[in-house]
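Undergrad: Quick one: the structure is below, and I'll ask about it shortly.
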Amino acid sequence: MTAATTITSRTTAEHELAELQREHGAPLFALLLRLSDGDRQRAEDLVQETLVRAWQHPEALRADDFDSVRPWLLTVGRRLAIDARRARQARPAEVGDAVLESARVCADHAERSAATLDVREAVKTLTPEHREVLVQVYFRGASVAEAAAALGIPPGTVKSRAYYALRALRRVLPGYAADLR
């Protein structure tokens, strides 16, 4: 085969592929768009892959068994869409930029340790009565009634001491005010 014959057969194949795209591209795209759940980019990729398969198997396109190549193209496209869906389900879901932007940022271990030290120092500045109430209610997780019984004071006193203790901490720890609400 000479170089001229190769170029001629290559351009013929390219023209046939372009004709396939013009004639069957829109119905193929419509099908693949439905199978891709409306994802236009994925549908376009699948159309392209289907046409590559048609280019790789010209014998299937020239078979005398059928009048049109559209059923063959739609079948190949459908199978590619099914394979793509299965591949996506087999791997973890992709995370978009919007999800990352709205993700909650957690402080690292060093920041938590520094905050813990700051809070300990601030708690030391409280009166012993306020400190006892905070230790019972916030650090030991006791209810107001349990703290009142443990400290031997009425529940209303536990509530007011907790309120004033937190207010004093907000003044001492202005950078942590949002965390103390």
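Undergrad: Quick check: pseudo-label points 7 Å beyond the Cα along Cα→Cβ at Phe139 and Thr157, how many nm apart are they?
TA: For the pair Phe139/Thr157, the computed spacing is 2.0 nm.
Undergrad: Also, quick follow-up: Report the gain in length on full extension from Asp39 to Thr125: 0.36 nm times residue separation, minus Cα-Cα distance, nm rounded to one decimal.
TA: Once the chain is fully extended between Asp39 and Thr125, it gains 25.0 nm.
Any read-out appearing in this document is the output of simple, stated calculations on the displayed coordinates, not a laboratory observation. The shown structure was predicted, so the numbers you read here are calculated from the model rather than taken from an experiment. FYI the Cβ positions are ideal-geometry reconstructions off the backbone, even for glycines, and counts take in every protein chain you see.
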